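J.: Mind looking over this structure? Questions follow.
The values are calculated or read from the model by the stated rules, or taken from the named source; none is laboratory data. Keep in mind that what you see is a predicted model, and the values were worked out from it rather than measured. Here Cβ is always computed from backbone atoms with ideal geometry, including for glycine, and neighbour counts include all displayed protein chains. We work out accessible area using only protein heavy atoms, side chains counted, and drop any ligands, DNA or RNA first. Shrake-Rupley method; radii C 1.70, N 1.55, O 1.52, S 1.80 Å.
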Amino acid sequence: MNKRILTFTIIAGLFISLTAFVSKNTQRPLEKPKTVFTIPEDVNTIFQNKCFDCHNVNADGEKSKKKLLIDKLPTLSKAKLIGKLDAISEVADEKEMPPEKFLAKYPEYTLTDDEAKRLSEWATAASDKMMK
Ligand code: HEC
């Protein structure tokens with residue numbers, strides 16, 4: 001066999017093995033399946049009653065939508081989701097949300113102590129779980 005043909009055969013052989021190896025390994029990913037992010041029913045009720053009006057994709061306010069879209073939480077990357085969860089636990093702890101100005105008009109939106117505690121505890125726990 002001529003030297004050039006031999007070299008070509010070896011390179012082609014290597015290439016074919018490499019392609020086979022790569023496709024085999026991409027078809028059977030070894031990493032664990034993505035953690036599915038779900039919001040528990042009771043937390044979702046708080047969101048729906050007190051937060052969702054401003055923080056959903058169809059809300060009017062641009063500022064509130066830029067900061068948090070509750071309906072988009074499950075689609076966020078892990079890093080972004082952790083950031084949002086931490087922000088939620090912070091505003092719940094501080095009772096910063098809903099905004100004071102809004103509550104002056106609609107006091108029924110005020111978070112009760114239990115709701116604030118539940119939101120904060122859930123968000124902190126969910127964020128901690130994501131970091132593991
Ligand atoms: C009346 C509309 C309205 C309601 C109701 C509301 N928010 Fe907001 N929210 C806003 C606005 C406006 C901003 C942006 C504030 C800013 O940029 O200063 C915001 C910002 C936030 C932020 C980002 C804070 C930061 O500093 O990054 C979080 C988290 C948040 N809201 C959570 C909530 C939660 C949880 C609830 C329900 C308990 C809620 N919001 C209810 C209007 C609302």
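J.: From PRO98, PRO107, PRO74, which residue is in contact with a Ser or Thr (Cβ under 8 Å, 6 or more places away or on another chain) and surrounded by fewer than 12 Cβ atoms within 10 Å (Cβ to Cβ)?
T.: Going through PRO98, PRO107, PRO74 in turn, the sole match is PRO74.
J.: I would also like to ask the following. Any residue in region 110-125 that is farther than 20 Å from PRO40 by Cβ and surrounded by fewer than 19 Cβ atoms within 10 Å (Cβ to Cβ)?
T.: Scanning region 110-125 turns up at least one residue that is farther than 20 Å from PRO40 by Cβ and surrounded by fewer than 19 Cβ atoms within 10 Å (Cβ to Cβ).
J.: Next question. Can you find a residue that is closer than 18 Å to LYS95 by Cα, among the β-branched types (Val, Ile, Thr) and within 14 Å of the ligand (Cβ to nearest atom) anywhere in region 60-70?
T.: Yes, region 60-70 has at least one match.
J.: Going by the structure shown, is THR35 within 30 Å of ALA126 (Cβ to Cβ) and at pLDDT 95 or above?
T.: no
J.: Taking only region 50-68 into account, find how many residues are open to solvent by less than 50 Å² (accessible area, probe 1.4 Å) and out of contact with any helix residue (DSSP H, G or I) (no Cβ under 9 Å at 6 or more places or on another chain).
T.: Of the residues in that region, 3 qualify.
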